[in-house]
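First the structure, in the form of C-alpha cells, and then the observations on it.
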Amino acid sequence: MSQRVRVRRGWLVAAAVMAVVAGTACGSSGPTNPGLTAAELVGTYDLSSLTLDNDPPLVPPEATGTLTLALSTYNVTLNLPSGTQVDSGTWSVSGSTWTQSSSTQAIQEQGTASLSHDTLTVNLNAAGTQISSVWVKQP
C-alpha cells in the first residue's frame with residue numbers, strides 16, 4: 001500500500017510540476033505585472049527539486065525530470081524513487097495562476113508559481129498533498 005501511495009503521489013507531482021512551472025513564471029514581478037505569456041514560458045526545463053508535503057526535498061540524482069512546454073501543451077517525465085512518471089496535456093496561464101489538464105489522466109490542477117531568471121518554482125495542492133517543484137530552464 002505504501003508503494004501505491006507513492007506512485008499516486010508521483011502522478012500528483014507531475015500535475016503539480018506543470019502547475020508550478022506556469023504559475024511561477026506568471027507571478028515573478030509582483031501584483032502590477034499582468035503575468036507572463038505562454039510564449040515566454042516555452043522551453044525545456046530540468047527538475048532541480050521536488051517536495052511533497054513536509055517530506056525532505058527530492059533532488060538529483062534521487063529524483064530527476066524534464067518538463068517541456070509548447071504554447072499550449074506540455075510533456076513531463078519524472079524519475080522518482082517510486083518509479084518513472086510520464087504525463088502530457090494542455091496548459092494555460094492567467095496572471096499568476098497556472099491551469100493544467102492531463103491528457104493521460106482525469107486530472108486538472110491550478111497553482112501559483114514564480115520565476116527568477118531561468119528558475120521556475122511551482123506550488124500546488126493536489127488532492128490534499130502540498131507539492132513544490134523547482135525547474136531550471138535549459139540553455
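Just so it is clear, none of the values below were taken in a lab; they were calculated from the coordinates. Here the structure is a predicted model, which is why all the values come from computation and not from measurement. Here Cβ is always computed from backbone atoms with ideal geometry, including for glycine, and neighbour counts include all displayed protein chains.
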- Whole-Hz couplings from phi, Karplus 6.51/-1.76/1.60, listed for region 77-82; x for Gly and Pro: 10, 10, 9, 10, x, 7
- Note on the structure: Heads up, region 73-139 by the C-alpha gyration tensor (a ≥ b ≥ c square roots of eigenvalues; a/c under 1.5 rounded, else a/b over b/c prolate, else oblate) looks rounded
- Task: Give me the number: length gained by fully extending T90 to S72, i.e. 0.36 nm times residue separation minus the C-alpha to C-alpha distance, one decimal in nm.
- Result: 5.9 nm
- Estimated distance in nm for a label pair at T44 and T104, the labels positioned 7 Å out from Cα along Cα-to-Cβ: 1.7 nm
